[in-house]
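Q: Dropping the structure in here first, questions after.
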Amino acid sequence: MRTLRPDTELIYRCLNERILVLDGAMGTMIQQHALDESDFRGERFRQHSLPLKGNNDLLSLTRPDIISSIHEAYFDAGADIAETNTFSSTSIAQADYGLESAVYDMNLASAKLAREAADAFTARQPDKPRFVAGSIGPTNRTASMSPDVNDPGYRAVDFDTLREAYAEQARALIEGGVHMLLVETVFDTLNAKAALFAIQEVLDEMELEIPIMVSGTITDASGRTLSGQTTEAFLVSIEHVDLLSIGLNCALGAAQLRPYIKVLAEQAPFAVSAHPNAGLPNEFGEYDQSPEEMAEALEDFLKEGFLNIVGGCCGTSPAHIKRIAELCQKYEPRKHFAGRLTQKMLK
């Protein structure tokens, strides 16, 4: 029997009352600090044999001050939900750095940092509680497709390996105090299924009920995920799980994402989320869309009643989130969602 925590009930009540604002990009903010190798190594990894620069998740252990300041900046801008700095904190992704043994500590520390910031802002504004979503990325391997064009039957990872890696991450995030879990940037639904299966196993083991968000990625104008699914097929593939929300993020800007968010708004039995990029990248891979331009593109989503949760992905900053949060105050959340747990919470 799973136990419902009081903060879980609060999340559902808030979701029914207003549009919740998710934070923006973590990498965009980290890049502003111009960090070097020593920042990523700290004392604990000073003698590590492989280069660590660029392993942003590691900063939760070696430069927690930076990660805390980023969470605080987004909450100060009006975010209701902060994502943990754990997008790549699985043993699979960390194998590139030889840091599989540090995965549990990375997730635990990241969750605690975000939770400390959330609790501090909630104490200041009890009428606007802040929450933490444990970020669970797709890993750098895909279970559905071969990375070798000459061997289409080859797979770089299997379901059970993904399941074990995700279970380790989910367990640490929950023990660190996250309010919900976010399986995001899903480009291969089989990877997401492994994550969702692992989360269910962990929740059964811990006898706990934690809201679960899922956010997929439409990779280009074809309207499909990298593994070939349409938005509707993606929804059908995972709607057997009683989710808090389903949505889309990354790869595209708000304008390009609109038709696919519309599909979810019309068909999803859960809350709907969107956290697009700040437009499309320029020739240097940078994102030029201003907070005003991004807010203008997202306002159409809000006018149409598509969303319950909205935030930003690549290229977004606290300035973007501040403008989005101001905009959300003018609109009502999407109402017609009816997940089983949602209905239980809203009775």
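The values are calculated or read from the model by the stated rules, or taken from the named source; none is laboratory data. Since this is a predicted model, take the numbers as computed values, not measurements. Heads up, the Cβs are rebuilt from the backbone with ideal geometry, glycines too, and the neighbour counts pull from every protein chain shown.
Q: Name the residue, out of GLU201, GLU184, GLU205, GLU168, that is closer than 22 Å to ALA109 by Cα, of a type in the set (D, E, K, R) and surrounded by fewer than 17 Cβ atoms within 10 Å (Cβ to Cβ).
A: Numbers: GLU201 fails: closer than 22 Å to ALA109 by Cα; GLU184 fails: surrounded by fewer than 17 Cβ atoms within 10 Å (Cβ to Cβ); GLU168 fails: surrounded by fewer than 17 Cβ atoms within 10 Å (Cβ to Cβ).
Checking each option against the conditions leaves just GLU205.
Q: Follow-up question, since we're still on this one. Out of all the residues in the range 220-242, which are within 17 Å of ALA198 (Cβ to Cβ) and buried (at least 16 other Cβ atoms within 10 Å of the Cβ)? Lay out the reasoning, then the answer.
A: Step one: of the range 220-242, the residues within 17 Å of ALA198 (Cβ to Cβ) are 237-238, 240-242.
SER237, ILE238, VAL241, ASP242 - these are the residues of the range 220-242 that are within 17 Å of ALA198 (Cβ to Cβ) and buried (at least 16 other Cβ atoms within 10 Å of the Cβ).
Q: Scan the range 281-305 residue by residue and report those that are surrounded by fewer than 19 Cβ atoms within 10 Å (Cβ to Cβ) and assigned to a loop (DSSP other than H, G, I, E, B).
A: ASN282, GLU283, PHE284, GLY285, GLU286, ASP288, SER290, GLU304, GLY305
Q: Could you say whether any residue in the range 209-219 is at pLDDT 95 or above, surrounded by 15 or more Cβ atoms within 10 Å (Cβ to Cβ), touching a Cys at 6+ places or on another chain (Cβ under 6 Å) and not in a helix (DSSP H, G or I)?
A: Yes, some residue in the range 209-219 is at pLDDT 95 or above, surrounded by 15 or more Cβ atoms within 10 Å (Cβ to Cβ), touching a Cys at 6+ places or on another chain (Cβ under 6 Å) and not in a helix (DSSP H, G or I).
Q: Are any of the residues in the range 246-258 modelled with pLDDT of 95 or more, touching a Cys at 6+ places or on another chain (Cβ under 7 Å) and crowded, with 17+ Cβ neighbours inside 10 Å?
A: Looking through the range 246-258, at least one residue is modelled with pLDDT of 95 or more, touching a Cys at 6+ places or on another chain (Cβ under 7 Å) and crowded, with 17+ Cβ neighbours inside 10 Å.
Q: May I ask you to say which residue of LEU113, LEU52 is closer than 30 Å to LEU20 by Cβ, of a type in the set (A, V, I, L, M) and touching a helix residue (DSSP H, G or I) at 6+ places or on another chain (Cβ under 7 Å)? Before the answer, list the steps.
A: Details: LEU52 fails: closer than 30 Å to LEU20 by Cβ.
Among LEU113, LEU52, only LEU113 is closer than 30 Å to LEU20 by Cβ, of a type in the set (A, V, I, L, M) and touching a helix residue (DSSP H, G or I) at 6+ places or on another chain (Cβ under 7 Å).
Q: How many residues, within the range 1-27, are in contact with a strand residue (DSSP E or B) (Cβ under 8 Å, 6 or more places away or on another chain) and in a helix (DSSP H, G or I)?
A: 5
Q: Could you say whether any residue in the range 199-207 is part of a helix (DSSP H, G or I), under 25 Å from MET26 (Cα atoms) and either of a type outside the set (Asp, Glu) or touching a residue at least 60 places away in the same chain (Cβ under 8 Å) (or both)? Steps first, answer last, please.
A: In the first step, residues of the range 199-207 are kept if they are part of a helix (DSSP H, G or I); the result is 199-206.
Filter again for under 25 Å from MET26 (Cα atoms), leaving 199.
If we keep only those that are either of a type outside the set (Asp, Glu) or touching a residue at least 60 places away in the same chain (Cβ under 8 Å) (or both) too, we end up with 199.
Yes, that holds for at least one residue.
Q: Restricting to the range 28-40, what's the tally of residues that are free of Cβ contacts under 8 Å to residues at least 40 places away in the same chain and part of a helix (DSSP H, G or I)? Break it down into steps so the answer makes sense when it comes.
A: Let us first name the residues in the range 28-40 that are free of Cβ contacts under 8 Å to residues at least 40 places away in the same chain, namely 31-40.
When the remaining residues are screened for being part of a helix (DSSP H, G or I), the result is 31, 37-40.
The number of residues fulfilling the criteria is 5.
Q: A further question on this structure: Output yes when any residue across the range 49-63 is exposed (fewer than 12 other Cβ atoms within 10 Å of the Cβ), touching a residue at least 60 places away in the same chain (Cβ under 8 Å) and farther than 25 Å from ASN277 by Cβ, and no when none is.
A: The answer is no; no qualifying residue exists.
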